[in-house]
Amino acid sequence: MKFDTLQHGITFYENYARIFGFDTRLYSTKKRKSDGKISLKYCVCNKEGFRETPRIHAKCKKKRPITKMGCKARLTLN
């Protein structure tokens, strides 16, 4: 698909994700060296990737649940 702007592509994927029951986050932006404009951006599922060790919340010292499960849902915008 082609989008008029980067923001239109991001909005499309956020709406798509909402319909199919998952959340998104933006991941890895690359800029061109010549003009500094964004040339590549990924919209990924919020469960994309893995976390090696559970983090402990600083105030209440509770372990946070692991939410990253290796989901491969992703939209590449360039």
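Remarks
- The range 9-47, subset assigned to a strand (DSSP E or B) and of a type in the set (A, V, I, L, M), residue surrounded by the most Cβ atoms within 10 Å (Cβ to Cβ): 44
- Residue in the range 10-20 that is modelled with pLDDT under 85 and not hydrophobic (A, V, I, L, M, F, W, C) present: no
- Pairs with Cβ under 8 Å, 6+ apart, first in the range 1-30 and at positive phi, second modelled with pLDDT under 85: 28/40; 28/41; 28/42
The values are calculated or read from the model by the stated rules, or taken from the named source; none is laboratory data. Quick caveat: nothing in here was measured; it's all calculated off a predicted structure. A quick note on method: Cβ atoms are made from the backbone with ideal geometry, for glycine too, and the neighbour counts reach across all protein chains shown.
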